[in-house]
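No value in this document is a laboratory result; all are computed from the given coordinates. As the structure is a computational prediction, the values presented were derived from the model and not from experiment. Ideal geometry is used to build each Cβ from the backbone, glycine not excepted, and the neighbour counts take in all protein chains shown.
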Amino acid sequence: MNCEMNMKQTLTRAFAYFTVVAFGLASTPQLAQAGMIGTGTVVDTAVAAAQRADNLARAQSLLARADVQQQLQKLGVNAADAAQRVASLSDAELQLLAKQADSLPAGGDSALAVIGIVFIVLLILDYTGTIHIFRR
Amino acid sequence: MGRQLAIALLPVLLAGCAGLVPREAPVQGRSERVELADVPFFPQRRYQCGPAALATVLAYSGIDTSADALVPEVYLPARKGSLQVELLAASRRHARVGYVIEPTLAALVAELDAGHPVLVLQNLGAVHLPIWHYAVVIGYDSGREQFILRSGSTRRELLHAGRFAGTWRRGGRWGMLSLRPGEIPGGAQPARYLESVAALETAGQTAAARTSYEAAAARWPGEPLAWFALGNRRLADGGAREAESAFARALELAPGDVAARNNRALLLARRGCRAQALAEIALAAQRAEHGPLEREVADSRRTIEATAPGICTP
């Protein structure tokens, strides 16, 4: 929409890609052994293995990492923490987060929330005349 | 109308608190009662049960940490909570194997029997109105049909087994362990464990992964994947001959394993055994035809064909 916004987004993205590529290269020990088939390739499902074996797919995984890092930042995590957090995710976990970071369960509530729900139920019951605990 | 709606909604809304859940099988472990009383307690602040529960299992595994220290690692401010995969990833950053248990009460109890506290995701609300919460199960009592948890701001929560099972079921029966390198889960699930260790390895925790692979091969000597993974790790650590023997072991157990045969062939070629390497890669190519590893094996074959023969010592 607005130019400044786009510029900023592009820069953030570029920075994210950069840090992720740097992390990715530093933390992929299997790459060092040419021709050897890595454990990750075999452990994953056959389809994922076929994809991962592909260099293109490897690049895509780096991009997914960058995207997830950006998503974490949007959800309030600072850039440095986000970079470290994505570096420890497996490829399968990255795919999951890239697709559904907004809908996955985020555990965080305590009993307070339960009390809140009970309160709402009581309010509904009171409103409909089933019970009478709130004075009107 | 409004009244009917409220009455219709009531059981849905209260399912989490009222214990209207169907009864599951009674708690049955190896003992009558288990309580891992040494598990520390980190009371949660608002919304931060993820960092608190993770600190509980990590501290029990010997990591010096706290709920506050883990907030920047697993908390998502805009979601007011933590994601499951991030708890696993954070375990790896602390050189612990983040292991997701089988989604059954029996598996959960088996881990408690083995002395492992289990970090669980509970849905304290209803299926369509979830209230997600993380807690750590530290024990059970068969006689009283109870689970014992470190949860929220309660140091020792006693939850009726049926009620706990309901909240756990609505949370997708998800539970994880943070295991020390080399520590094996109570449920005998080699593939699940090896997958968790592979993720630890990819996250750059190579020493912890090495220890865990060695332990897996010792615990499940008949599991070819354990030997294969150990072979790759030993090679990356610079032990080509040790790696070769691990691949050989994997192949004794699973002669059709393309990946192990491919890797063994490359190692043979590397130390001058060209003829043996060619024979091995030919076998691998036969098996790999039309499979997911076809291209890798073809590449290896070209590499081996291009190597000069050398002095091959057995």
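Data for the structure
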read-out: Rounded tilt (10° steps) of B:49-60 against the dominant C-alpha axis of chain B; value: 60 degrees
read-out: 5 angstrom amide H check on B:GLY81, placed H, neighbours 5+ away; value: B:LEU76
read-out: Cα long-axis angle, helix B:224-236 against chain B (0 to 90 degrees, to the nearest 10); value: 70 degrees
read-out: Cβ charges +1 (Lys, Arg) and -1 (Asp, Glu), total dipole of chain B, debye; value: 580 debye
read-out: Alpha-carbon centroid distance for the pair segment B:246-314 / segment B:158-189, whole angstrom; value: 41 Å
read-out: In sequence order, calculated HN-Hα J values of segment A:63-76 (Karplus, 6.51, -1.76, 1.60; Hz; x Gly/Pro); value: 5, 4, 4, 5, 5, 5, 4, 5, 4, 4, 5, 5, 8, x
read-out: Distance from segment B:220-240 to segment B:70-85 (C-alpha centre basis), Å; value: 35 Å
read-out: Sorted by Cβ density within 10 Å, fewest first, the residues B:CYS312, B:CYS273; value: B:CYS312, B:CYS273
read-out: B:GLN146 long-range amide H proximity, modeled H, under 5 Å; value: B:ASP141, B:ALA161
read-out: Cα gyration tensor category, rounded, prolate or oblate, for segment B:8-179 with a/c compared to 1.5; value: oblate
read-out: Stretch gain in nm, segment B:GLU35-B:ALA248, where the contour uses 0.36 nm per residue and the Cα spacing is subtracted; value: 72.4 nm
read-out: Exposure proxy order (Cβ contacts within 10 Å, fewest to most) of A:ASP91, B:ASP64; value: B:ASP64, A:ASP91
read-out: Per-pair calculated FRET efficiency, R0 = 41 Å: B:HIS128 and B:GLN28 via Cβ, rounded to 0.05; value: 0.85
read-out: Cβ neighbours within 10 Å from other chains - mean over B:289-298; value: 4
read-out: Relative contact order of segment B:8-179, defined on C-alpha pairs under 8 angstrom at six or more residues apart (%); value: 31 percent
read-out: Cβ-derived FRET efficiency at R0 56 Å, A:HIS132 paired with B:ARG287, nearest 0.05; value: 0.15
read-out: Residue-wise HN-Hα coupling along segment B:200-211, computed from phi with Karplus coefficients 6.51, -1.76, 1.60 (Hz; x: Gly, Pro); value: 5, 5, 4, 6, x, 8, 6, 5, 5, 5, 4, 4
read-out: Order of B:VAL127, B:VAL97 - criterion: other Cβ atoms within 10 Å of each residue's Cβ, fewest first; value: B:VAL127, B:VAL97
read-out: Full-stretch length increase - B:ARG241, B:GLU294 - with 0.36 nm per residue and alpha-carbon distance subtracted; value: 16.5 nm
read-out: Placed amide H near B:GLY182: partners under 5 Å, 5+ positions off or other chain; value: B:SER212
